[in-house]
Every structure is written in structure tokens, then in C-alpha cells.
Amino acid sequence: MADASYLLKVVEPYVVKWVSAKIGVPLSPRRVAVGEKTDGTLARFAFDGVSGDEKIGLLVSTSHTLKPGGTRKLHVDASVILQAPFERRIMAFVNSDAMMNFMNKCDGLLPLKNIEMLLCDSLPIEMMQEIAKFQEISKIEVGDKGKKWKLGGQRR
């Protein structure tokens, strides 16, 4: 299985720092209560970045895929951040096509106007090369024939 640790340990923290600098508020990973389970206990979710006062929440997407599975994962992420008690919600992407595809497919299905969408387009070349290597290995593992997917149109 492709090792995603580089994405988790290097790329995501880089994007969290980038967002922190952009908004002028330090963010760090944290689990936050997002709702109540059927048994009455709190359901918690691990966000990529949360401000010290828990007023700002961030989720980072390192995905480059336009395929339906990737869009579904982002749909779930957006649902969770919308459920969280943040005053400011941010989703940061490293790929503009993945961000636009997600927005085209999910806008209206979810109130995306309540989430700031940011594009971190300043990843170092070495980081982009490592992401590309990871994607190639992943494609081979899942038997991806390399079909080019187009940006999705709006669903509604």
C-alpha cells in the first residue's frame, strides 16, 4: 500500500502553517466535539488545524483526484466541518482542479458559502514531486488505467 505518511507528516503541516500565516492565527491539529452519538456520548473529529480558542477550524485536502470517491470524501469532510461549533470554517486544497470539482459537485448540496475555500499554490517543487510519486504508486495499486477525468459540472 502506498505510504501516505509524507502527506500526513509533511504536506498537511505545511498547509496548516501556510493557512495560519495567511489568516494571522496559529492553528494546530486537534480533536473537537462535532455532535452527539446515539448513546449520548460526544462524537469527536480530528481537524488538521484549530485555533487556540476553538473559533476557527481547518481541514486540508492533499488530493489531486477528480474521481467520485475523492469528491465523496471531501463532501463528508465539509459536512463534518459544517457540523462543528466553529465561527470560521476553512478548507484548504493543494490542487485547484480538485477544489473546483468539489465545489461544482457539492455546492447547493451543502452550504459551502459557510466554508472559506483556500488554495495553497505555494508548495515547494520537491513536495510536489513527492506527491506525484505517491499518486503514481497509488494508481498502480488500485489498477487505475490513467483515464483523464474532466472537471465535473454542477449537479443541480
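Considering each residue of region 109-132, count those that are of a type in the set (D, E) and over 19 Å from L59 (Cα atoms), and give that number.
Selection size over region 109-132: 2.
Restricting attention to region 51-64, report how many residues are within 18 Å of L119 (Cα to Cα) and in a strand (DSSP E or B).
6
Hey, among the residues in region 85-112 that are among the polar types (S, T, N, Q) and closer than 25 Å to L27 by Cα, which one's surrounded by the most Cβ atoms within 10 Å (Cβ to Cβ)?
Once the filter is applied, the top-ranked residue is N95.
Tell me, which residue of region 27-58 that is among the charged types (D, E, K, R) and exposed (fewer than 10 other Cβ atoms within 10 Å of the Cβ) is nearest to A92 (Cα to Cα)?
Per the stated criteria, the residue is D53.
Mind listing whichever residues of region 1-26 are part of a helix (DSSP H, G or I) and closer than 17 Å to N95 by Cβ?
Listed by number, the residues that qualify are Y6, L7, L8, V10, V11, E12, Y14, V15, V16, W18, V19.
Please tell me if V80 is hydrophobic (A, V, I, L, M, F, W, C), at pLDDT 95 or above and in a helix (DSSP H, G or I).
Yes.
Pull out all pairs, ordered by first then second residue, where Cβ-Cβ is under 6 Å, the residues are six or more apart or on different chains, the first lies in region 121-141 and is more than 17 Å from D97 (Cβ to Cβ) and among the acidic types (D, E), and the second is at pLDDT 75 or above and not in a helix (DSSP H, G or I).
If the second residue must be at pLDDT 75 or above and not in a helix (DSSP H, G or I), no pairs are left.
List the residue pairs whose Cβ atoms are under 6 Å apart, where the first residue sits in region 27-47 and is outside any strand (DSSP E or B), the second is of a type in the set (G, A, S), and the two are 6 or more positions apart or on different chains.
Listed by first residue and then by second, the contacts come to K37/A43.
The values are calculated or read from the model by the stated rules, or taken from the named source; none is laboratory data. Just so it is clear, the structure is predicted and the values come from calculations on it, not from any experiment. In this analysis, Cβ positions are derived from the backbone assuming ideal geometry, glycine residues included, and neighbour counts consider all displayed protein chains.
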